[in-house]
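Remarks on the structure that follows.
Here, each number is a calculation from the coordinates, and none is a lab measurement. This structure is a prediction, so every number in the text was calculated from the model and none was measured. Note: ideal-geometry Cβ built from the backbone for every residue, glycine included; neighbour counts use all protein chains shown.
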């Protein structure tokens, strides 16, 4: 995966964030060739699954946050 392809896939994921909410709510997703190739709640597992499937070390990963989380509140 070239640097250009990495950023293209990352932007594609960001552009489709709202579409992914129904299936991947509050999950990590790994993207390659504008497709989700791995997903789950454990970031390390998503990364290792994606690397195992592709043989690549650098794969874009996004968190599909539903927006319901409140950070920093006590």
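Within the range 11-42, restricting attention to residues that are closer than 20 Å to residue 1 by Cα and touching a strand residue (DSSP E or B) at 6+ places or on another chain (Cβ under 6 Å), which residue is surrounded by the most Cβ atoms within 10 Å (Cβ to Cβ)?
So the residue we want is 30.
Any residue at all in the range 21-28 that is touching a helix residue (DSSP H, G or I) at 6+ places or on another chain (Cβ under 7 Å) and in contact (Cβ under 8 Å) with a residue 24 or more places away in the chain?
Kept after step one, since they are touching a helix residue (DSSP H, G or I) at 6+ places or on another chain (Cβ under 7 Å), are these residues of the range 21-28: 28.
The next check asks that each one be in contact (Cβ under 8 Å) with a residue 24 or more places away in the chain; those that pass are 28.
Yes; the residues of the range 21-28 include at least one that is touching a helix residue (DSSP H, G or I) at 6+ places or on another chain (Cβ under 7 Å) and in contact (Cβ under 8 Å) with a residue 24 or more places away in the chain.
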